[in-house]
Every structure is written in structure tokens, then in C-alpha cells.
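J.: Below: one structure in C-alpha cells.
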């Protein structure tokens, strides 16, 4: 196997184009360039006008346009007095709405490009957050501190809840945004009723987050439920604006269970909630009467000996109150299942060894569901349509690459932005029946003037000897196969993240290319445990975080060491968050492999991580003491060989700062030297202009020690 890989690699040296003499990246370009000055030109602020085939957007030149997909006509939009109803994007720098003082303006009815005269106004309270519009834009809701407010067109808003304790929270996302939960306000389809989460976290331990900017420093306590300890309690409430009454949904079971996948029936009679037990291995999808709050019945159950992870609400078929799409991994891959409540039937519409990524919408007359998936390859994403009656599946696009779709309300047209390793970016409007295609933007290569490295797509077998893994090998510019080069491995290798894709740029990250310009070989790979490969691929890490992932990464290291141009005595590794945990674990559990490491925002002890994520993958510390001991790093600092730099944000509320502070203390106690750097005021990562400082710090550390 090794000989085959080396032969393929050697052949690629002759097939790869030779780099021309171009300029090198600045650190700012390598860090933020793909989101700023070096981003491929494309469409921005795109949104379909509800009920039409008109797409609003800003073209690559920055001009606001409307494109009518029916007649293929473009129309310019002048001025910035275009506002948004729910589902729109305002065509200036704002998104969804514009705020003047405490007055919100949003589009209501006919488009008016020059005046706001046809726009209704919604008065908000200062400090509002979590704004949601009812369908039709006639009502809205928002949160103010921990309480929920409601307003109608032409009326002043009023508070729905009035909890004095700031730790009783209504209308916000719960369960620390796990399980696909992104919001806490759910208007019914006709806007007549409003459901919302109510979270009581008074029983959860306080955790201090210090703001070091003022003198004296200021402490703000957050509620952080550690794995195995007391978690918060969540209920769902239904508010009826007509009567002013609130009805609690009567969910059964322990108070610290999880309420997910909240969905209204199209006729507004019922609410569906997926109840997940705290062990996260048993789910009940229940139907509740919205008027009384009483349970009607359980529609289905999901069970797994490791974990069940709901991530999506129900999606009802057009015109039906009894047929809906349910996302399930019960066959080993995330797929779309058609459920028929009347006949108690459930059928997979997208069977096969691939993952469905997004459900985009429906085309009612063709009886099709439109979605994206990794059917062609786990490295790609394409659009598909499947008939929900006969199961006939067809692909909407062609050619390799990664596609991201925005579907018109009726499913007739899709705005498709895509790229590949060789294609910077294209934006098209495609009819979902395949009859027409309109090019809106075709970006030139923004990196054409730069000195770019050879990038070799690589496959190898995981530590189990049978699972294919995907990686990228990035060679130094002006590569000389007779020389020896230092190597930097970048990794994450945790759930819900995939590094290797067929998208632009081929390297995946301009910082890798910066390193290649400065004489490094760069290697990155998605080992088992990472995303988009199915349940078995991910669940191998269960109860032993870091173990199998490191085994796979070490297979990549072995491949690197077999290459004659790799200097195995000068290998570095870097990762952030789960990648920071992996980086530190490799240095302590496999000492001597890497000479230098930089770990950012690292988990050092999973018993100090939050309940939902931690217990899903590790169970509780009481249930899995050996797994927690195996993965904990404080007692392993004496194993450190080589140079280790740990970086952390001082206000990190995800991987709390105490992880790395305790690690430093353990090193001091053991007489072990390591390096440490903090970013005051930053949470779990460093963004914006200061990220340039971060990446320079990391690069300098490798330069000094490799």
C-alpha cells in the first residue's frame, strides 16, 4: 500500500504545473484574504421575493439588482430604501431589516425602491435581540434580557413573560445550541400563535467569565452545565395573542431531557417535539395539541446503543397535515424519510451510503423534494430532486465541485453558487426541471498573481486497515525532491467538521499556502470521527475521544515519514478547539512524534466540558471513568517532549479558560516547561484583524523551533 501511494505521489510531481514567479501572501492575506480582498467575486445579499421568481441580490460590482427567472430579465435597483419581510434580505449592508433608532422598518406588500411610505414600522425596545417575524410580517417577537416580547403591525409591543430571575430565560435558543437548535421563537404557519422555549437554569452552577478591560476587572457569571453534573430544565410554551393566554406543552419525562425539532403542523392545531433523553440514546417524536398542551401520541422513536443526534425539524409535504419528512441516521447515514401519520408508515426516500446535507424545499406539482447531498463523493455537495411517491432521484447540476443552493419558494428555481479546486466560483440560476440555466457571475481566479504550491489530493487507509481517509499534501513552492523539508500537520478530526473538500482554493486555507511559500510541507486529513462520512465513521470515537482519531492521524504521519523529502525530525502540529485537544494529546500520549506543537482553545479534560456535547460522545464521568481518565491531559504533562505553545481566549465560554490554566499549573507542578499566550477579550477563537496577530504568533513559533 505504501509503495502504491509513493508511486502515485511520484507521478504527481511530473503532472503538477511548475510554479511561475509570482508574489507571496502577506500574513493578512493568508489569514483573512479569502473573506476579504482575495475572495472570488460573486453575488451577495441574495434572497427570493416570496411568492415570485424574482431574486434580489448585489452583483460583483456591488450594484443592487432584481433578476426575474421567468423572463430572464435584469432590473437595476436604485437607492437603499428596500426593506425586508421575513424571508427577504435588505439590499444594503444590513440583513433582513433596517433599524432607525428603536424603529424597525420592513417590507410590507409592494416593492418600493425609493420611499419607505409603504413600509410598516415595528417599535422595538432598546437592547432587543432574537427578532422573529410572523409569516406575512403582521406580527413580530423579540427578547429583551431574559424575557420575551410580542408586537403587531401598528401596535406597541408588550412583554409576554416577566421573570425577574435572569436565569429563567424565554424566547432564546436552549441546550447550548446543540441538536440543530438555532432559535427559541416559533411562529405558527399562519402567524396566529407563538411557541417559545422557556429555560430554567437556576439550578446550574455559576461559572465566572472575567472582562479584563475595566479597572477593576469585571466578573459576569454564566451558567455552564458540566458533563455529569446538574443541567438546565426546558419547557415549551404556546402564546395566543388573541386571548393573551399562555399554555405549557405537557412534555413527560425527566426535567433535564432535551426538547428538539420543534415544528408546527400546517393547520396550526398541533406542535411536534422530539424528546431526547439525557443519555442521548433514545428519542421520541411526540405530537401535542397546541390548544390544550396535552400529548396526542408518539409518532416514532429513534434508538442507538451509542447516541441519537436530532438536528432538523419536521418538513410537511405541500398541502398535507399528515405527511412529513423526518431526518434519520437509523440506516447509518443521514437520510430523508417520508412519514405518513394516517397509515403509520415510514419510508426512506434517499437510500444509499451517503449523507444528505440540506433539505432545500419542495416542488408541489412534480411531487419532488429538493435537497443537497454528498452522494457523488464525501468531498463534494450537489443538488438533487427526489419524487416522494415513486422515489425517482435525479441530479440538478453537473461537473465536480461543492454547490450551495437557495431555492425559490415554490421550488421552480434555484440560485446555485459553486466552486471546485480549479473553479474559483460561479453563481447561476437553474430551473429545477433542468430546462434553463442563467449565469449571474463567473469569478476570475483571485489568486492568479500569487506564487502557489503544488497540492496533491491523497487517500490512505485508517488505522482499522479498511476505511478510506482523504487528505491533502501541500508541497513547498520551488519544491526540490532532493531536499529535506519540515512539515506542519493541521488537524481538527472531531464531529461536525470536515477539512477536505473539492472547493476553492484547492489547499483549503491560504495559510497553508503561506507556509508552503516559506519552505514547509503541509499535511491535513480528515480521520474517523469527522463529518460527512456516516454514523459508523463518526461513532468510532464514542467514549474514547482522541484515541482512534490519533491512530488515524499517525497513519498520515507514517505516510509523511516514508516520503524522502520529509524531515521527520522537524515535524509540527497545530489545531484549535477539538484540534487543540488533539494537538496536545499527540504531544503527551505519543511523545516524540512532533518536535513542535501549537494548541488553540484546547479541551484538556472532558469532565470540564458541557453536558450536551460531552455526554453525547463520552457518556458521563460516572458511566465512563476510564474513558475520561484516558483522554484527560493534566496527569500526562510529564510525557512532554519538544516545544508546546498553548493559546486561549480569556473570555472563552465554550472551552472555558480554566482548561488551559489548570494545564499550566500541572506543568509548573511537574517542572515541565511549556509556552503560553492569551488573547484578552476573546472568546473561543480570535477573529477579525487580531486573527492576523494570532496566525503570525503561530507561524513565528514554528519558524523559531522547526
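J.: Here is a list: 537, 542. Which entry is part of a helix (DSSP H, G or I) and under 30 Å from residue 372 (Cα atoms)?
T.: On the way: 542 fails: part of a helix (DSSP H, G or I).
Checking each option against the conditions leaves just 537.
J.: Taking the options 563, 571, name whichever one is surrounded by 23 or more Cβ atoms within 10 Å (Cβ to Cβ), outside any helix (DSSP H, G or I) and in contact (Cβ under 8 Å) with a residue 40 or more places away in the chain.
T.: Just a single option satisfies the conditions, and that option is 571.
J.: Just to be sure, is residue 61 buried (at least 16 other Cβ atoms within 10 Å of the Cβ), over 30 Å from residue 200 (Cα atoms) and at pLDDT 85 or above? Even if it seems obvious, please write down each step before you answer.
T.: Values: buried (at least 16 other Cβ atoms within 10 Å of the Cβ): no; over 30 Å from residue 200 (Cα atoms): yes; at pLDDT 85 or above: yes.
No: the conditions fail for residue 61.
J.: Follow-up. Of all residues being without any contact (Cβ under 8 Å) to a residue 40 or more places away in the chain and part of a loop (DSSP other than H, G, I, E, B) in the stretch 355-371, which is surrounded by the fewest Cβ atoms within 10 Å (Cβ to Cβ)? Just the residue, please.
T.: Going through the qualifying residues, I end up with 365.
J.: Give 500, 474 a once-over and let me know the one that is out of contact with any helix residue (DSSP H, G or I) (no Cβ under 6 Å at 6 or more places or on another chain), in the same structural domain as residue 549 (by TED's automatic domain parsing) and modelled with pLDDT of 95 or more.
T.: Just a single option satisfies the conditions, and that option is 500.
J.: Something else: Let me spell it out: the conditions are (1) closer than 25 Å to residue 45 by Cα; (2) under 26 Å from the mean Cα position of the chain (by Cα); (3) free of Cβ contacts under 8 Å to residues at least 60 places away in the same chain; (4) surrounded by fewer than 19 Cβ atoms within 10 Å (Cβ to Cβ), and residue 416 meets all of them except one. Which number is the exception?
T.: Only one criterion is unmet by residue 416, namely (4).
J.: Exactly one of (1) part of a loop (DSSP other than H, G, I, E, B); (2) closer than 15 Å to residue 263 by Cα is unmet by residue 339. Its number?
T.: It is condition (1) that residue 339 fails.
J.: Quick check on the stretch 216-233. Is at least one of its residues assigned to a loop (DSSP other than H, G, I, E, B), surrounded by fewer than 17 Cβ atoms within 10 Å (Cβ to Cβ) and over 29 Å from the mean Cα position of the chain (by Cα)?
T.: Among the residues of the stretch 216-233, at least one is assigned to a loop (DSSP other than H, G, I, E, B), surrounded by fewer than 17 Cβ atoms within 10 Å (Cβ to Cβ) and over 29 Å from the mean Cα position of the chain (by Cα), which makes the answer yes.
J.: Name every residue in the stretch 648-659 that is touching a helix residue (DSSP H, G or I) at 6+ places or on another chain (Cβ under 9 Å) and crowded, with 20+ Cβ neighbours inside 10 Å, in order of residue number.
T.: Residues satisfying the conditions are 648, 652, 655, 656, 659.
J.: Now a separate question. Kindly indicate whether any position in the stretch 440-458 is under 30 Å from residue 542 (Cα atoms) and either touching a strand residue (DSSP E or B) at 6+ places or on another chain (Cβ under 9 Å) or assigned to a loop (DSSP other than H, G, I, E, B) (or both).
T.: yes
J.: Still on this structure: Considering each residue of the stretch 177-193, count those that are free of Cβ contacts under 8 Å to residues at least 60 places away in the same chain, buried (at least 21 other Cβ atoms within 10 Å of the Cβ) and closer than 19 Å to residue 224 by Cα, and give that number.
T.: 1
J.: Now a separate question. For the stretch 372-389, name all the residues that are part of a loop (DSSP other than H, G, I, E, B) and either under 23 Å from residue 430 (Cβ atoms) or touching a residue at least 40 places away in the same chain (Cβ under 8 Å) (or both).
T.: Listed by number, the residues that qualify are 374, 375, 376, 377, 378, 379, 380, 388.
J.: Do we have residue 470 as within 26 Å of the chain's Cα centre (by Cα), crowded, with 22+ Cβ neighbours inside 10 Å and not in a loop (DSSP other than H, G, I, E, B) here?
T.: Answer is yes for this residue.
J.: Pick from 391, 411: which is on the phi > 0 side of the Ramachandran plot and surrounded by fewer than 21 Cβ atoms within 10 Å (Cβ to Cβ)?
T.: 391
J.: Hey, another quick one. Based on what the data block shows, is residue 293 in contact with a strand residue (DSSP E or B) (Cβ under 9 Å, 6 or more places away or on another chain), outside any strand (DSSP E or B), farther than 25 Å from residue 323 by Cα and modelled with pLDDT of 95 or more?
T.: The answer is no for residue 293.
J.: A follow-up question, please. If you scan the stretch 268-277, which residues turn out to be closer than 12 Å to residue 289 by Cβ and not in a strand (DSSP E or B)?
T.: Once the filter is applied, which keeps residues that are closer than 12 Å to residue 289 by Cβ and not in a strand (DSSP E or B), the stretch 268-277 yields 268, 269.
J.: For the stretch 342-354, give me each residue that is in a loop (DSSP other than H, G, I, E, B), over 18 Å from residue 536 (Cβ atoms) and out of contact with any strand residue (DSSP E or B) (no Cβ under 6 Å at 6 or more places or on another chain).
T.: Of everything in the stretch 342-354, those that are in a loop (DSSP other than H, G, I, E, B), over 18 Å from residue 536 (Cβ atoms) and out of contact with any strand residue (DSSP E or B) (no Cβ under 6 Å at 6 or more places or on another chain) turn out to be 342, 343, 344.
J.: Still on this structure: Return the only residue of 626, 622, 615 being in contact (Cβ under 8 Å) with a residue 40 or more places away in the chain and either over 23 Å from the mean Cα position of the chain (by Cα) or in a strand (DSSP E or B) (or both).
T.: Details: 626 fails: in contact (Cβ under 8 Å) with a residue 40 or more places away in the chain; 615 fails: either over 23 Å from the mean Cα position of the chain (by Cα) or in a strand (DSSP E or B) (or both).
From the options 626, 622, 615, the qualifying one is 622.
J.: Let me ask you something else. Is it the case, given these coordinates, that residue 645 is free of Cβ contacts under 8 Å to residues at least 40 places away in the same chain and either in contact with a strand residue (DSSP E or B) (Cβ under 7 Å, 6 or more places away or on another chain) or crowded, with 24+ Cβ neighbours inside 10 Å (or both)? Talk me through it step by step, then tell me what you get.
T.: Details: free of Cβ contacts under 8 Å to residues at least 40 places away in the same chain: no; either in contact with a strand residue (DSSP E or B) (Cβ under 7 Å, 6 or more places away or on another chain) or crowded, with 24+ Cβ neighbours inside 10 Å (or both): yes.
Taking the combined requirement at face value, the residue does not satisfy it.
J.: Kindly indicate whether residue 488 is under 21 Å from residue 558 (Cα atoms), in the same structural domain as residue 453 (by TED's automatic domain parsing) and under 17 Å from the mean Cα position of the chain (by Cα).
T.: no
J.: Filter the stretch 322-333 down to the residues that are surrounded by 15 or more Cβ atoms within 10 Å (Cβ to Cβ) and closer than 29 Å to residue 268 by Cβ and list them by number.
T.: Once the filter is applied, which keeps residues that are surrounded by 15 or more Cβ atoms within 10 Å (Cβ to Cβ) and closer than 29 Å to residue 268 by Cβ, the stretch 322-333 yields 323, 324, 325, 326, 327, 328.
J.: Among the residues of the stretch 83-96, is any farther than 27 Å from residue 190 by Cβ, buried (at least 19 other Cβ atoms within 10 Å of the Cβ) and at pLDDT below 70?
T.: Within the stretch 83-96, one or more residues are farther than 27 Å from residue 190 by Cβ, buried (at least 19 other Cβ atoms within 10 Å of the Cβ) and at pLDDT below 70.
J.: One residue is enough: does the stretch 600-607 have a residue meeting the conditions more than 30 Å from residue 256 (Cβ to Cβ), surrounded by 19 or more Cβ atoms within 10 Å (Cβ to Cβ) and either touching a helix residue (DSSP H, G or I) at 6+ places or on another chain (Cβ under 8 Å) or at pLDDT 95 or above (or both)?
T.: yes
J.: Would you confirm whether any residue within the stretch 668-680 is under 26 Å from residue 536 (Cα atoms) and either in contact (Cβ under 8 Å) with a residue 40 or more places away in the chain or not assigned by TED's automatic domain parsing to the domain that holds residue 32 (or both)?
T.: For the stretch 668-680, residues under 26 Å from residue 536 (Cα atoms) and either in contact (Cβ under 8 Å) with a residue 40 or more places away in the chain or not assigned by TED's automatic domain parsing to the domain that holds residue 32 (or both): absent.
J.: What is the residue count in the stretch 278-290 for residues that are crowded, with 16+ Cβ neighbours inside 10 Å and assigned to a loop (DSSP other than H, G, I, E, B)?
T.: The number of residues fulfilling the criteria is 4.
J.: Within the stretch 527-534, identify whether any single residue is outside any loop (DSSP other than H, G, I, E, B) and at pLDDT 95 or above, and answer yes or no.
T.: The answer is no, given that none of the residues of the stretch 527-534 is outside any loop (DSSP other than H, G, I, E, B) and at pLDDT 95 or above.
The values are calculated or read from the model by the stated rules, or taken from the named source; none is laboratory data. Since the structure is predicted, the reported quantities are computational estimates derived from the model, not experimental observations. Glycine also receives a Cβ, built like all others from the backbone with ideal geometry; neighbour counts cover every protein chain displayed.
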